[in-house]
Amino acid sequence: MDLDTLRSFIRDIPDFPKKGIVFKDITPLLKDGPALRFACDQLAGSFRGMKIDQVVGIESRGFIFSPVLAYQLGAGFVPVRKKGKLPAAKEAVSYSLEYGEDSLEVHLDAIKKGTQVVIVDDLLATGGTAEAVIRLVEKLGGTVLGLAFLVELGFLKGRDRLKGYQVHSLIQF
Ligand code: AMP
């Protein structure tokens, strides 16, 4: 397995979830054993040797890779969920979507001051989601050591919004 082969497992679905969007479908990669293992190992490799306390995963598809990474790095897993899903006391952050606003939430006691975290999602597009999660983690006093994505849509320049942070992606389009 290599990164070029891994790239070939990502499938384009035009006009999903709405007209004009080319959805990057990662399920062909997920269902292939060697591809899935390679992707997880490569993602974890970006942070090997660093002292990471927690991996923060973003709902929904970020939940596929983040617990695996946490396991590989010997770190804990913290879910950042969409509004209204978490049961205990929480902190929220709003971020803008193409139309309107949305918010993401994390449990108040999930990240302690001084905790070293990495943030994981399946795909980096405009960077709006990742930027919001950075704000959320920092509100709770966590230190963001880096961010990891399986796929990066480079033409949307999401990386520019994450200046000053270590950003890793395995596959770029
Ligand atoms: P953004 O905030 O623009 O960086 O968008 C990132 C989030 O939206 C990630 O959680 C992705 O899962 C999802 N996303 C955005 N664009 C796409 C796309 N073209 N294909 C698949 N997922 C996408």
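The values are calculated or read from the model by the stated rules, or taken from the named source; none is laboratory data. Not measured: the values here are computed from a predicted model. Neighbour counts run over all protein chains shown; Cβ positions are idealised from the backbone, glycine included.
Note on the range 61-93: residues that are away from the ligand (no atom under 13 Å from the Cβ) and either farther than 26 Å from PRO28 by Cβ or part of a helix (DSSP H, G or I) (or both) total 21. Against the conditions (1) away from the ligand (no atom under 12 Å from the Cβ); (2) in a strand (DSSP E or B); (3) out of contact with any helix residue (DSSP H, G or I) (no Cβ under 6 Å at 6 or more places or on another chain); (4) aliphatic (A, V, I, L, M), LEU123 satisfies every one except (1). The residue that is surrounded by the most Cβ atoms within 10 Å (Cβ to Cβ), counting only those in the range 143-173 that are in contact with a helix residue (DSSP H, G or I) (Cβ under 9 Å, 6 or more places away or on another chain) and small (Gly, Ala, Ser), is ALA148.
Look at the range 121-149: where a residue is of a type in the set (Lys, Arg), no partner that is at pLDDT below 95 and within 13 Å of the ligand (Cβ to nearest atom) sits 6+ places away or on another chain with Cβ atoms under 7 Å.
Restricting attention to the range 1-42, which residues are surrounded by 13 or more Cβ atoms within 10 Å (Cβ to Cβ) and in a loop (DSSP other than H, G, I, E, B)? Residues satisfying the conditions are MET1, PHE9, ILE10, ILE21, ILE26, ASP32. The single residue among VAL117, VAL137, VAL133, VAL106 that is assigned to a helix (DSSP H, G or I), hydrophobic (A, V, I, L, M, F, W, C) and away from the ligand (no atom under 15 Å from the Cβ) turns out to be VAL137. Of all residues in the range 43-58, those satisfying the criterion of being surrounded by 17 or more Cβ atoms within 10 Å (Cβ to Cβ) and modelled with pLDDT of 95 or more are LEU43, ALA44, PHE47, ILE52, ASP53, GLN54, VAL55, VAL56, GLY57, ILE58. Every condition in (1) touching a strand residue (DSSP E or B) at 6+ places or on another chain (Cβ under 9 Å); (2) not in a strand (DSSP E or B) is met by GLY49 except one, and the failing one is (1).
Among the conditions (1) touching a Cys at 6+ places or on another chain (Cβ under 6 Å); (2) within 22 Å of ALA132 (Cα to Cα), LYS83 misses just one, which is (1).
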